[in-house]
């Protein structure tokens, strides 16, 4: 167990300075006010305010192994009484050993000052005790706060990791099947699709490293994703964009949009035989970026069961990142489905 | 076998269809007689053309490959194709049914066709297996829709439209708000696959949607009937165990 005075350099300076100042005041008072002889004043001051703080620093160990919470009060009192007595004894013994050579013949002084010296020893013990308990409390509090925040970051990271969308295997294998088909009928297009798929996968793997990306990058990735799906679905999938170009620099959590489009395709395009339009509008107003994705869907073929896992994960992820609820709004318009994301932006310096 | 297998492709994605067609083009025993883009067309074409062999995709718009099988009057040999569906795969494994995982090689496809040919030669009947397949439900999930065919029209009934279900020997009659539909399924299937919070089996012959119950009347000593919320105030018999279940769910 390391001692706070050797560990914490500033605390040591403070400790030394404090007792030096008290010592000087004591010395001046004794000499000038009480007219105590110079040598006696010096002896008294040095034993009380130099020797005691040196010995007293060991009290740290007595409190470190007797935490207030774990030990019963009776044991605590008994322990400290014993410790105080031992320390007091040692202190008085050494003090007098120092006194001896200087005052030799004046044994009366020693006998008369003994009770007050012992009393002072106990009082000093209590002062040190309180001081070290305070230091200990502060240290463990600081450690606890640090640990807690570390723990929180860890949980947050783990949660975010879990919430980030994984590439849907269904999407992957169907795309590979499309490529397999294109290698026969249109090798150039097959190559293009392999490259698009690789770029998309690379982007989605990158999100382990970076949390926030410029909207322009996320948008490029969405266009890539839709172009891959377009190869599969042909004219059944129709994507429209209305993007305010001012928004392109806005910051956005990466891969937050892809699951929304995946959802739109799963429930919109996949479940119908007609053409489905996925319309994306994007606006910046004040300090928020607003992204709205609307897709048609066939209400006859299925009953929407509210929020699926995909949407719930995005809601949760937004909540963790921005520490704000309701950043995702879902509206079911019976024949179309609307998801709106509100992405807070850092205030820009203008 | 002297005659070629009359083969139908049912697959919603154009590229996937193209690939299958190009694989099948030079197969001496196969003659592709048609292609369908969705399950509705699939049911119609199978019932009309009665093909020997069907390549059937499982995930399709409107109705799935499994739901399609329930609607067939004529059951051809089927080779299932799927990209990724762990539940479907489990169903296949359980019933030892051959399937192709997309993307698949030509060799793999030929092997599947060979198996089918053997089945035809041995006169093996896998109708029962197919029936099992359609009854297979993954995990704890309840069904959210039922697909039925009335004469030539296919209807998709979401479960919230079901008022009650009546047993008719090998069939059930599903009563909805706008009519009734016959379906070849067992009461047991609906009892286990409809959410028991919303549907109660009140009698050997009836499953009722909870919200549709208007009142419960004592009919004789220890015998009850429920009256439904409809114009005709339909009355249905309740068995002893059925009465207990109603009591449990409606808390009275």
| task | Counting only DSSP beta bridges with both residues in the protein assembly as shown, tell me the antiparallel percent, nearest 5. | result | 70
| Using alpha carbons only, how many degrees (0 to 90, rounded to 10) separate the axis of helix A:309-322 from the longest principal axis of chain A? | 40
| message | I need the Debye-formula profile for segment A:14-161: one equal scatterer per C-alpha, no solvent, reported as log10 I(q)/I(0) at q = 0.11, 0.15, 0.20, 0.21 1/Å, two decimals. | response | -0.56, -0.86, -1.23, -1.30
| note | Summing -39500 (n - 2.57) over every DSSP H run of at least 4 in chain B, dividing by its residue total and rounding to the nearest 500, the 222 nm mean residue ellipticity is -9500 deg cm²/dmol
| task | Under 1.5 on a/c is rounded, so check that first for segment B:145-250, then, if it is not, pick prolate when a/b is larger than b/c and oblate when it is not; a ≥ b ≥ c are the square roots of the alpha carbon gyration tensor eigenvalues. | result | prolate
| Based on the Cβ-Cβ distance of residue A:184 and residue B:95, what FRET efficiency does E = 1/(1 + (r/R0)^6) give at R0 = 30 Å, to the nearest 0.05? | 0.40
| field | Inter-site label distance for residue B:117 and residue A:309 at 7 Å from Cα along Cβ, in nm | value | 4.2
| request: Work out how far the C-alpha atoms of segment A:164-344 reach from end to end along every principal axis, then list the three figures in whole Å, largest first. | output: 51, 41, 28
| Residues of A:173-179, mean number of Cβ from any other protein chain within 10 Å of their own Cβ, rounded to a whole number? | 6
| message | Just to confirm the number: angle between the C-alpha axis of helix A:187-206 and the first principal axis of chain A, 0 to 90 degrees, nearest 10? | response | 20
| note | Per residue, the convex hull enclosing the Cα atoms of chain A spans a volume in Å³ of 239
| request: Measure nothing but the geometry: give the 0 to 90° angle between the long axis through the Cα atoms of B:240-250 and the longest principal axis through the Cα atoms of chain B, rounded to 10°. | output: 90
| query | On average, how many beta carbons from a partner chain sit within 10 Å of the beta carbon of a residue in B:11-24? | reply | 5
| note | GNM of chain B, Cα pairs under 10 angstrom: of B:17, B:201, B:108, the biggest fluctuation goes to B:108
| field | nm² value of the averaged projected area, convex hull over the Cα atoms of segment B:5-135 | value | 7.1
| Semi-axes of segment A:116-264's equivalent ellipsoid from the Cα gyration tensor, sqrt of 5 times each eigenvalue, largest first, rounded to whole Å? | 61, 16, 11
| message | Modelling each spin label as a point 7 Å along the Cα-to-Cβ direction, I'd like the residue A:122/residue A:34 distance in nm, to one decimal. | response | 2.0
| message | From zero outward in steps of 20 Å, how is the percent of C-alpha pairs of the protein assembly as shown spread across the bins? | response | 15, 30, 21, 14, 13, 6, 1
| query | What base-10 log of the normalised intensity I(q)/I(0) is obtained for chain B from the Debye formula, alpha carbons as equal point scatterers, at q = 0.11, 0.17 Å⁻¹? | reply | -0.67, -1.23
| query | So for A:33, A:91, fewest C-beta neighbours within 10 Å to most, what's the order? | reply | A:33, A:91
| query | Most mobile of A:180, A:58, A:72 per a Gaussian network model of chain A (Cα springs, under 10 Å)? | reply | A:72
| field | Gyration tensor (Cα) of segment A:214-254, equivalent ellipsoid semi-axes in angstrom | value | 23, 11, 6
| note | Each label sits 7 Å from Cα toward the beta-carbon; between residue A:235 and residue A:103 the label points are separated, in nm, by 11.3
| Where in segment A:245-285 does the label zone of residue A:168 land, with the point 7 angstrom along Cα→C-beta and an amide N cut-off under 14 Å? | A:257-272
| Of A:83, A:158, A:250, which is the most mobile in a GNM of chain A whose springs link Cα atoms less than 10 angstrom apart? | A:83
| said: Shape verdict for segment B:170-215, please, from the Cα gyration tensor: rounded (a/c under 1.5), prolate (a/b greater than b/c) or oblate. | reply: oblate
| said: Over 5 Å intervals from 0, what percent of Cα-Cα pairs in segment A:120-177 sits in each interval? | reply: 4, 14, 9, 10, 8, 9, 7, 7, 6, 5, 5, 4, 3, 3, 2, 2, 1, 0
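Read-outs: derived from the displayed coordinates by stated rules, not from any lab. These numbers were taken from a predicted model, which means no experiment stands behind them. Heads up, the Cβs are rebuilt from the backbone with ideal geometry, glycines too, and the neighbour counts pull from every protein chain shown.
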